[in-house]
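The values are calculated or read from the model by the stated rules, or taken from the named source; none is laboratory data. Bear in mind that the values here come from a model prediction, so they are computed numbers and not experimental data. Methodologically, a virtual Cβ is constructed for each residue, glycine included, from the backbone with ideal geometry; neighbour enumeration extends over all protein chains shown. When the accessible area is computed, the model is the full protein with side chains, heavy atoms only, and any ligands, DNA or RNA have been set aside. Shrake-Rupley method; radii C 1.70, N 1.55, O 1.52, S 1.80 Å.
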Amino acid sequence: MAKVDYHRNALRILFILVRGSRPYLGDSVPGYDRVFRGETKVQALDFWMRYPDYLADELLSLYETTRDRARFDAAERIFADEEPDLRRVPMLRRYFGAYEPLDTVLGILKLRGLVLPRSRQMETGNDEHDFLVGERAPALLREAVAALPDLGWYDRRVDLVLDVAGGRGGYALKACQHRQKEYHDAAAGDLIPTTAERVRKRLERLREGL
């Protein structure tokens, strides 16, 4: 497996946290004004960012349900741009599904005052994680995209991922991803395999029906 690029991962996670956050209404924390709730949701959204083929499959399922041509076109662009080969960032299958420790990435973002990770114990005894987003973070991403327009891909992609997620929580998103046989059947500790060839054939079958 290739060496982990923590700074690239930090940028991708920051896009997810900024675009997926909402105004923070809790006790004031100077320098932070938005919140993203749930590490499980971060991991699930990150998986679709890292595996364009799985995202395309979800878009095709939405197209079949809604007949919204924009969903089909988005899936088609993913393959036209060869994203399943060029954009895939492999992720390990852990016990509960795709997972990658975020400690280093969050440390990078916390050090810069962009994200403040927090946890609290629920009545169930489990810890709930949320992430306060710094006031400077949205502007920093806008400046980064303006300086390096190629980073606009992350901006557009996280919007698409959030649209597919449809406001569902982390556990619902994980359950959705487990319905993909390749994802669910991957052995713990193995890289989750691509579905590109299967999804490409599905895309071609649907294209014939247009």
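Quick check: with the 1.4 Å probe, what order do SER28, SER119, SER61 take by accessible area, largest first?
Working: SER28 110, SER119 75, SER61 45 Å².
My answer, sorted largest first, is SER28, SER119, SER61.
Would you mind checking which residues have amide H under 5 Å from ASP33's amide H? H placed 1.01 Å from N; only 5 or more apart, or other chain.
VAL133, GLU135
Expressed as an acute angle from 0 to 90° and rounded to the nearest 10, what is the orientation of the C-alpha long axis of helix 196-208 relative to the principal long axis of the chain?
60 degrees
How much length is gained on full extension from GLU204 to TYR24, taking 0.36 nm per residue of separation minus their Cα-Cα distance?
Details: separation 180, 0.36 × 180 = 64.80 nm, distance 4.41 nm.
Taking GLU204 through TYR24 to full extension adds about 60.4 nm, to one decimal.
Please pull out the direction-averaged projected area of the range 70-174, using the convex hull of its alpha-carbon atoms, in nm² to one decimal place.
Values: hull surface 36.3 nm².
Result: 9.1 nm².
Give the dimensionless ratio obtained when the Cα radius of gyration of the chain is divided by 2.2 N^0.38 Å. Display every interim value, and only then the final one.
Working: Rg = 17.5 Å, N = 210, 2.2 N^0.38 = 16.8 Å.
That ratio works out to 1.04.
At 7 Å along the Cα-to-beta-carbon direction for both VAL4 and ASP163, put a label point, then send me their distance in nm to one decimal.
3.1 nm
Rg and Dmax of the range 1-102, Cα atoms, in Å?
16.1, 47
Can you pull the accessible area of LYS110 for me, 1.4 Å probe, Å² to the nearest 10?
Spelled out: LYS110, probe radius 1.4 Å, area about 110 Å².
FRET efficiency for GLU182 and GLU128, Cβ-Cβ distance as r, R0 = 30 Å, nearest 0.05? Each step should come with its number before you reach the end.
Numbers: r = 30 Å, r/R0 = 1.00.
The computed FRET efficiency comes out at 0.50.
Relative contact order for the chain: what percent, with Cα pairs under 8 Å and sequence separation of 6 or more?
On the way: 264 pairs, mean separation 63.7, N = 210.
It comes to 30 percent, rounded to a whole number.
Provide the gained length on full extension for the span ARG156 to ARG136, in nm with one decimal, where the gain is 0.36 nm per separating residue minus the Cα-Cα distance. Working shown, then result.
Values: separation 20, 0.36 × 20 = 7.20 nm, distance 2.00 nm.
Full-extension gain reported as 5.2 nm.
Would you compute, from DSSP H runs of 4+ residues alone, the mean residue ellipticity of the chain at 222 nm, taking -39500 (n - 2.57) per run and dividing by the full residue count, rounded to the nearest 500? Don't skip to the answer; put the middle values down first.
Details: 11 runs with 118 residues, N = 210.
Helices in the chain give a 222 nm mean residue ellipticity of -17000 deg cm²/dmol.
Arrange the residues THR40, THR65, THR194 by how much accessible surface each exposes, largest first, with a 1.4 angstrom probe. Numbers along the way, then the final one.
Values: THR40 40, THR65 115, THR194 60 Å².
So the residues, ranked largest to smallest area, are THR65, THR194, THR40.
So how tilted is helix 152-165 from the main axis of the chain? Cα-based, degrees 0 to 90, rounded to 10.
Computed tilt is about 80 degrees.
Tell me, what is the 1.4 Å probe accessible area of GLU197, in Å² to the nearest 10?
GLU197 has an accessible surface of roughly 100 Å² with all protein chains in place.
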